[in-house]
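Below: the structure, in structure tokens.
The values are calculated or read from the model by the stated rules, or taken from the named source; none is laboratory data. It should be emphasised that the depicted structure is a prediction, and the values quoted were computed from it without experimental measurement. Ideal geometry is used to build each Cβ from the backbone, glycine not excepted, and the neighbour counts take in all protein chains shown. Side chains are part of the model used for accessible areas, which takes the heavy atoms of the whole protein and leaves out ligands, DNA and RNA. Shrake-Rupley method; radii C 1.70, N 1.55, O 1.52, S 1.80 Å.
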Amino acid sequence: QVQLVESGGGLVQAGGSLRLSCAAAGSIFSINTMGWYRHTPGKQRKLVATITSGGLTNYADSVKGRFTISRDNAKNTVYLQMNSLKPEDTAVYFCKLVRYSGYGPPDDYWGQGTQVTVSS
């Protein structure tokens, strides 16, 4: 049982910043990857950034240099600092947790999503 609670979405002008947070609760396990994906109607959900429990990060090319993902393992929380926002960043952002149990395929969990709207 894992629950992900997202916050921080909203409306911002182009060039502005937002910080998204995602807190995980439940049987998370120590080895995991947390990340952010985004979805626009008519398009597939796409990776934005991920970070492992060891701190390794991965970013989509479109956000590299503008977004920063980080985590607080003590709080089981992942953050996405979004700077220099563009209208193209407008989407519903989803938090994801991938949990590794040591056998079989990993388990994944999704948050409810938070809307980010960037005006021109």
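All but one of (1) free of Cβ contacts under 8 Å to residues at least 24 places away in the same chain; (2) within 17 Å of residue 21 (Cα to Cα) hold for residue 115, so report the exception by its number.
The failed condition is (1).
In segment 31-47, which residues are closer than 18 Å to residue 105 by Cβ and among the small types (Gly, Ala, Ser)?
35
Looking only at segment 40-65, count every residue that is in a loop (DSSP other than H, G, I, E, B), open to solvent by less than 50 Å² (accessible area, probe 1.4 Å) and more than 16 Å from residue 117 (Cα to Cα) and tell me the total.
3
What residue, among those in segment 93-115 that are assigned to a strand (DSSP E or B) and open to solvent by 40 Å² or more (accessible area, probe 1.4 Å), is nearest to residue 37 (Cα to Cα)?
Once the filter is applied, the top-ranked residue is 110.
Across segment 71-92, what is the number of residues that are farther than 17 Å from residue 17 by Cβ and open to solvent by 60 Å² or more (accessible area, probe 1.4 Å)?
Residues that pass the stated criteria total 3.
Return the pair list, or none, for Cβ contacts closer than 9 Å from residues in segment 57-81 that are of a type in the set (D, E, K, R) to residues that are open to solvent by 70 Å² or more (accessible area, probe 1.4 Å), at least 6 apart or on different chains.
From residues that are of a type in the set (D, E, K, R), the pairs are 66/86.
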